[in-house]
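Asker: Take this structure, written in structure tokens, and hold onto it; I'll ask about it next.
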Amino acid sequence: DDGSWVTDVDISRDGKLALICDAGECLYLWEIPTQKVLAQMGGSSAVFNHDATMAISSRYQYIEYWKLPEGELVQTIAAGRKELCLGITSPLTFLLTKSEDDTLSIWDMGAGKKLAALHIEEAACACLTRQGRYLLSGSGEKVLVLENIMERAFPLLTKAFYMSPEFPALSQIP
């Protein structure tokens, strides 16, 4: 333990594995039941693919693909700036990242290139459905819904929902 801060975590769908990133740009594949480190890689943020056979991480100005459980580096893509990995579709088709300037980027995993970049003012968080149909982004008091990710129907249809006492989902919460 070097006292480094944890910067990101992800848990496999079966709940047996975890990816843990630290401020030193180290990425660990951790087996939850045994609490053992199975592999050490690189990354300040990371996500599993659908069956936890791959990890996608960001480190410095690169996106890296790792074969699991070996922790073998398979591919490196120059991102041009530091990106945070937020989500990936199943199968390994699209990756969602966020940069420090609030740009959400959608990466085509097969081609290894950026497919779209969307600047969303004050984007605090975002997620991508595993099927890749929807991307949601939280920004200030609104939630943006972007559709048609998998169909590559650009421009993406955008809807904005503002958080307020009248917001239907919030009014149903006890």
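The values are calculated or read from the model by the stated rules, or taken from the named source; none is laboratory data. Keep in mind the model is a prediction, meaning the values are calculated, not measured. For neighbour counting, all protein chains shown are included, and Cβ atoms are generated from backbone atoms with ideal geometry for every residue, glycine included. In case anyone asks, the SASA skips ligands and DNA or RNA and just uses the protein heavy atoms, side chains included. Shrake-Rupley method; radii C 1.70, N 1.55, O 1.52, S 1.80 Å.
Asker: Criterion first (under 21 Å from residue 9 (Cβ atoms) and of a type in the set (A, V, I, L, M, F, W, C)) does residue 115 satisfy it?
Answerer: The answer is no for residue 115.
Asker: Continuing with the same structure: Considering only residues that are assigned to a loop (DSSP other than H, G, I, E, B), in contact with a Gly (Cβ under 9 Å, 6 or more places away or on another chain) and within 15 Å of residue 47 (Cα to Cα), which ones fall in the range 102-131?
Answerer: 129, 130
Asker: Is there any pair with a first residue in the range 22-36 that is farther than 16 Å from residue 67 by Cβ and at pLDDT below 95 and a second that is assigned to a loop (DSSP other than H, G, I, E, B) and polar (S, T, N, Q) whose Cβ atoms are under 7 Å apart and which are 6 or more apart or on different chains, and what are they?
Answerer: 22/4; 23/4; 24/4; 25/44
Asker: Condition check: surrounded by fewer than 21 Cβ atoms within 10 Å (Cβ to Cβ) and not small (Gly, Ala, Ser). Does residue 98 satisfy that?
Answerer: So residue 98 fails the test.
Asker: Determine whether residue 147 is modelled with pLDDT of 75 or more and among the acidic types (Asp, Glu).
Answerer: no
Asker: Which of the strands (runs of 3 or more DSSP E) contained wholly in the range 1-61 include at least 2 residues that are under 25 Å from residue 129 (Cα atoms) and open to solvent by less than 10 Å² (accessible area, probe 1.4 Å)?
Answerer: So the answer is 17-22, 26-31, 45-48, 54-59.
Asker: Something else: For the range 69-95, what are the residues that are open to solvent by less than 10 Å² (accessible area, probe 1.4 Å), touching a Leu at 6+ places or on another chain (Cβ under 6 Å) and either part of a loop (DSSP other than H, G, I, E, B) or not β-branched (Val, Ile, Thr) (or both)?
Answerer: Hit for the range 69-95 is 87, nothing else.
Asker: For the range 91-110: of the residues being of a type in the set (A, V, I, L, M, F, W, C) and touching a Lys or Arg at 6+ places or on another chain (Cβ under 9 Å), which is nearest to residue 133 (Cα to Cα)?
Answerer: Among residues in the range 91-110 that are of a type in the set (A, V, I, L, M, F, W, C) and touching a Lys or Arg at 6+ places or on another chain (Cβ under 9 Å), the one nearest to residue 133 (Cα to Cα) is 106.
Asker: Moving on to the next point. Kindly provide the set of residues from the range 1-36 that are touching a strand residue (DSSP E or B) at 6+ places or on another chain (Cβ under 8 Å) and more than 22 Å from residue 60 (Cβ to Cβ), ordered by number.
Answerer: Those that are touching a strand residue (DSSP E or B) at 6+ places or on another chain (Cβ under 8 Å) and more than 22 Å from residue 60 (Cβ to Cβ): 11, 12, 13, 16, 17, 18, 30, 31, 32, 36.
Asker: OK, next. Output the number of residues of the range 110-126 satisfying the condition of being open to solvent by less than 70 Å² (accessible area, probe 1.4 Å) and within 13 Å of the chain's Cα centre (by Cα).
Answerer: Total satisfying the criteria: 1.
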